[in-house]
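The values are calculated or read from the model by the stated rules, or taken from the named source; none is laboratory data. Quantities reported herein were computed from a predicted structural model and do not represent experimental measurements. Here the Cβ is made from the backbone with ideal geometry for all residues, glycine too, and neighbour counts use every protein chain on show. Accessible surface areas use protein heavy atoms only, side chains included; no ligands, DNA or RNA. Shrake-Rupley method; radii C 1.70, N 1.55, O 1.52, S 1.80 Å.
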Amino acid sequence: MIPYVPLERRAFRLRMGLRPLEPSAWLEFDPDADAVLALRARLIGVERDRVVALDEAGREASEELCGVVLAHLARWHPERVAPVGDDHPLVEAARLVEEDLCVMVREDAWRLRAAVVCFPSRWDLREKIGATLREIHGPVPGYEATLGDPVDAFFDRVAEDRLYGRLNWTLLETPELFAPDAARTAPSGDLAGWYFRVERQTFRRLPESGAVVFTIRTYVAPASELAARDPSFVATLTDQMASAPPATRAYKGWVGVAERLDPRRRAASPPDR
Ligand code: HEM
């Protein structure tokens with residue numbers, strides 16, 4: 001079962017939602033860790049051009065990050081320390097953890113300069129490497145106006161001894177962790193065939209290079225299990241979807257979904273386009 005169900009009990013709002021984290025909480029391992037690490041190794045092998053993207057400008061920070069990951073494992077998860085091979089240091093680090101790893105380097109703006117993202121949902125890493133935070137988020141409705149400046153400012157000031165996290169969720173028709181091509185259209189059918197997907201994202205600065213590391217840990221659970229566990233799950237979910245602006249509903253693949261799950265909404269809401 002997934003450890004986070006970040007559904008807010010108020011109207012949808014685009015927000016940073018950053019929370020400080022304890023150093024010990026940076027990386028998470030669960031009972032399925034070995035299977036997840038095996039899947040990551042397989043994807044790095046057979047889908048390398050889609051899950052690994054490396055610019056030379058991210059090399060130094062990647063080396064530093066590999067050392068930081070090893071030191072973290074030695075301290076908090078000693079059973080997870082393993083020999084490092086001779087692939088790129090970011091790839092070696094990404095083989096050891098369940099998180100996807102992104103290295104952001106401050107140049108004219110913050111740019112994605114190295115990444116191993118085995119579990120993307122509806123986006124293509126090849127289109128993002130080298131891009132600024134604003135360019136990366138180009139397809140996200142409202143990002144530029146609401147989050148563009150605050151996110152850039154946060155990256156400039158994140159202190160090297162602090163860690164931050166945020167949570168993000170969506171609904172997909174597939175439980176696959178590697179889902180770059182999942183459709184943006186609303187899932188067909190109903191809750192019984194849907195999966196609730198949560199990203200636990202963390203941020204920290206590397207002390208020597210000054211780069212910022214962005215990690216993404218992906219959790220997936222059948223939506224029907226969450227509904228069975230929590231009687232308010234469906235109502236909160238449909239409230240979030242119905243209160244989002246139309247552009248967000250289209251981006252997230254939520255068009256018509258709340259109405260399908262909750263027939264009382266059908267009469268109430270105007271049709272989306
Ligand atoms: C505080 C920092 C950040 C905030 C507040 C933020 C916020 C968001 C939001 C609201 C979305 C829309 C996704 C959704 O709601 O399902 C998004 C998408 C995304 N974010 Fe971020 N983000 C942050 C940092 C980053 C960083 C550092 C990266 C670097 C790789 C990144 C990569 C992406 C990508 C690839 C997408 C999908 C874009 C697409 O649809 O093409 N984000 N982000």
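On the protein heavy atoms, probe 1.4 angstrom, tell me the percent of accessible surface of the chain carried by carbon and sulfur.
Using a 1.4 Å probe with all protein chains present, the chain comes out at 52 percent carbon and sulfur.
Per residue and in cubic angstrom, what volume does the convex hull of the Cα atoms of the chain have?
132
Could you give the nm distance between label points at ASP124 and MET1, where each point is 7 Å from its Cα heading toward the beta carbon?
A separation of 3.9 nm, rounded to one decimal place.
Evaluate the relative contact order of the range 1-141 (contact order divided by residue number), counting alpha-carbon pairs under 8 angstrom at least 6 apart; express in whole percent.
25
What would the Debye formula give as log10 I(q)/I(0) at q = 0.18, 0.19, 0.21 Å⁻¹ for the alpha-carbon point model of the range 103-235, no solvent?
-1.09, -1.16, -1.31
How would you order 96-105, 248-257, 148-157 from highest to lowest mean count of nearby Cβ atoms within 10 Å?
96-105, 248-257, 148-157
State, as an integer percentage, the relative contact order of the range 103-176 based on alpha-carbon contacts under 8 Å between residues 6 or more apart.
This gives 20 percent for the range 103-176.
With a 1.4 Å probe and all protein chains left in place, how much accessible area per residue does the range 133-237 have, in Å²?
Result: 43 Å² of accessible area for each residue.
Would you mind counting up the charge near PRO31? Only other residues with Cβ under 15 Å from its Cβ, with Lys and Arg at +1 and Asp and Glu at -1.
Within the 15 Å Cβ shell, the charges total -4.
If you average the sequence gap of Cα pairs under 8 Å that are 6 or more apart and divide by the length of the chain, what percent do you get for the contact order?
The value is 22 percent.
Just the accessible area for MET16, please: 1.4 Å probe, Å², rounded to the nearest 10?
50
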